[in-house]
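Scroll down for the structure; my scribbles are underneath it.
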Amino acid sequence: MPGFRQRFRDLFASGFQYIPYFIALVYGSVRLLPAEHPYLNPSNMGRFGIRHVLAEAANNIVFSTKNIDQILLFFCILFGLILMALQFGLLSLAVFMQPAMAAMPTTFPGFFSTAASGNEAQDIANILMDMVFGVPGIFNSCVSVGVPCTTIDGNPIATAAGAPGGTWSYDPTVFPFAIHKGLHQLFQLYNIGLTVVAAFIGMYFIFTIALETAESGTPMGKRFNKVWAPIRFVMAFGLLFPIGYGYNSAQYIVLYAAKYGSGFATNGWNLFNDTLNATYGSAFENLLNSDTASAANLVGVPNVPEVGGLLQFMYAAKVCAEAEAVAHAPPLPVKFYLVGDPLKLPENHLEVNNTSVSYAQFINFADGENQVIISFGRRDEDKYGDLMGYVHPTCGELTFKLSDPRPTGTAERGVETLQKYYWFILKELWFVTMEGNGPTSALTVPPYAQNLVKVKTFFSTAPTSYHQQGLNLHTTEWKTALQDFYRLDLREILTGTPSTPSTGILGALGTNGAAPEMRQSQRWQTDANLRDKGWAGAGIWYNRVADMNGAMTTATLNIPMPSRYPHVMEKVYAKKRQGEQNVDFNERFNPTSTSSAATGGLEPVEEKIAPILWEAFDFFQQGGGVTTSHSAPTGNAMIDIMNTFLGTNGLFNMRQNSDVHPLAQLAGVGRSLIEASVRNLGYAGIGALTGTLVKNLDMTGEAAKIASGFIITFSTIGLTAGFVLFYVVPFLPFIYFFFAVGGWVKGIFEAMVGAPLWALAHLRIDGNGLAGQAAVSGYFLIFEVFLRPILIIFGLLASISIFSALVSILNQTFDLVIANLGGFDTEFELSGAAATSKVAEWRGAVDEFFFTVIYVIIVYLMGMSSFKLVDMIPNNILRWMGQSVATFGDQREDAGQSLIGTATVGSQQTLGAIGGGLKGLFK
């Protein structure tokens, strides 16, 4: 082609001649180039290059302190040019050395269609469109083709829902449905009517053109655009032309815009996840986890629950078993049983020995139930035929709640690890530790339970050499070592991090720990069935954060708890309630209290056993043996209530899980509050009913009843906060996303109704362009239908990234804010450099609790503002094109805000009524 090379050079190389000229002007300003130099003459541009200017300026440099400005400027420009060259070099490397990622689409279907991927039928957006509009052959979802619609687990919806005959209301064999046929007829009537209106408008314009031609003498009149007006009339009637199922061409344009926009978003979402997979591993793990290879930031680690109560029970039960074994002739040994309903098949009991009954057998005995009853007693089918397992709980009973009762291999790995651990320590405590053969040297001691019976009792039925004096009895050092070991043991199994020294529990159970196992769960993996749901299923993934953290927290708190103490102790307690108006809860099993009725009615053998059981029980109670630093009494009733029943910083310390994703933090706090509040409502009921306040608070009578009222109030507050944090807040991303998808569908329906009006807007005889001034908004509305799905995906990813970043910065600065508020600097105080100590400004238990509340509120508010981006980005992005079109979906109320407000008010009203009922019941 003649002149092609010159034209190519003019197109891509023109303009660069200004760069040497501008550099020459800079050098001329500091006299590196004389004023009359030809490089400073604009007419010479293009006749010299950068290297010429640099060489000429270098020749004029005189290295002297007087010329420091010339030297600095020369080398600054030289350095800048070198950096620019390096940037272009690195850019070239980036182009030719791409990281591993999924292939970019290269065809129209690759960008805008999902048919080639094979997941078109299960795409949620396609299903919604077929459900609403009922047009065969466009969206091809499972509703309109002969394919069963499936859940995210890949199971047919009809089967999963237990529908009779395996069918459901959206049966593809009768598509379109009756409502669709009615809708098609309605649209047909509507479209025909507007076509008639269009004909009248056309005749009006023909009449107007004739009159204007006669008036002005100009053919077609002065307003008539001879180029665009005829095209617009053809366009208008073409858009109104009926095609099928009652819809016209304009409405089919809307439907295909929705189809290709949905495909565009689905392909973008899948490309995003495929790139994460190719670069870092599992997509969902890294969607919320920067670049780690496991869900390390998605599972928070709850604080270690108190083990003192379980150790206290096991020691008392072991003393009971030793005493019962020698107190009767012939001997009536107490055994370790799993018990069930008397009608349970094939067996209603399972006897446990040291080496028998593995965790697999234990979980099989549970048979899907969410709890297992463990009884330490005697079994007699004839005598105890109405009791569970035909076992009398002579030495007490434990309730072991199961968060996941599924068989081994199918249960959630982290939850199964905790349940397996609790089963392991129950057997270890009963058969090993309480026998004096503890897992450490500090716990390898004489059999204190047996020695207590030998020294403190005398049974004529015992062997002659059985009772002895001078035997070693339990010591405070042993109790402390026992508590410390099992706290470390539980922390090690919970976190997966060996303590110093290690308890060896990870190796004994062959596990990496509960939290690591939960983080490596297969449920975090990218699911092909979920991928098939398309872009509209992206919000479903967020629910797993709350689900997994709730399971983790619940399993941690489900440490086996006593439901009945040894029968003799319970009998003493029952006798004391008969003889005393107010029974001190801490002294409820003491047979030597002031009431003469405490031991009245006990059998002679029971009168001998009761004192040693009380001694064993009280031994652990002394010195706060069943509490931790979080629940130990302080002497202040209000603080004790907060410490004991709300946990202050013993439930779930958000600040210690700063590396955990914010939603996982909030879910963990919420679940902990729910578990604690439900448990504490029961404690408060006991306190109000008996006139005593359980555990740590030394209150009796009316004081205990008043305190129980406080506890009910605090617990209802905690239950409300827990409900919002665990159930509602982690649900917000899904809620915002789901309503964004719904808003898109509503916008499409609006466009379907408005499309014929958009066609009528083309009927204009003046103005330039195909759309004209009247119809241009319709084009942008259709473009908005096409673009909104991928903008919703951008909103979801933006909310994830921004929320995580904000909470990360909050974690880094919150300590500084707290210290500044109180004027206390921990590091400065510990360094000893402070002239005047500010220990008085240290935050106490109440401050810690309320600052934790403030922290949760701040995180919650940041989450709300971040999640709103799912709506805000699609609603406002078109202003960058100079348009501000709004659909019905843009005008809806904030779904997340409404959910929070309604849920909070409803829960407060409900729980307030429950709390008032409890207070009234126990007056």
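Students often get this wrong, so check it: of 318/383; 533/746; 344/575; 454/576; 420/533; 344/571, which have C-alpha atoms separated by over 25 Å?
Distance filter (> 25 Å) returns 344/575; 454/576; 420/533; 344/571.
Among rounded, prolate and oblate, which fits the stretch 365-490 when a ≥ b ≥ c are the square roots of the eigenvalues of its C-alpha gyration tensor, a/c under 1.5 means rounded, and a/b larger than b/c means prolate?
oblate
Evaluated at 10 °C with a viscosity of 1.306 mPa s, what Stokes-Einstein diffusion coefficient in µm²/s does the stretch 375-414 have when Rh comes from the Kirkwood expression over alpha-carbon pairs?
In µm²/s, the coefficient rounds to 130.
Order of 513-521, 265-273, 238-246 by packing, highest average Cβ count within 10 Å first?
513-521, 265-273, 238-246
If each of residue 272 and residue 381 carries a label point 7 Å out from its Cα toward its Cβ, how far apart are those two points in nm?
Taking the two extended label points, one gets 6.3 nm.
Quick one: net charge around residue 765, please, counting Lys, Arg +1 and Asp, Glu -1 for every other residue with C-beta under 13 Å from its C-beta.
Computed value for this residue: +3.
What is the packing order of peptides 494-503, 611-620, taking the mean over residues of other C-beta atoms within 10 Å and listing the highest first?
Final packing ranking: 611-620, 494-503.
When Lys and Arg each count +1 and Asp and Glu each count -1, what net charge do the other residues less than 13 Å away from residue 622, Cβ to Cβ, add up to? The partial results should precede the final answer.
Numbers: positive: 479; negative: 587, 615, 618.
Taking every Cβ under 13 Å from that of residue 622, the sum is -2.
By average Cβ neighbour count within 10 Å, what is the ranking of 322-329, 30-37, 362-369 from highest down?
Values: 322-329: 20.4, 30-37: 14.5, 362-369: 16.6.
Per-residue mean Cβ counts within 10 Å order the peptides as 322-329, 362-369, 30-37.
Laboratory data are not the source of any read-out in this text; all were calculated from the coordinates shown. Keep in mind that this is a model prediction, so the values were computed, not measured. Methodologically, a virtual Cβ is constructed for each residue, glycine included, from the backbone with ideal geometry; neighbour enumeration extends over all protein chains shown.
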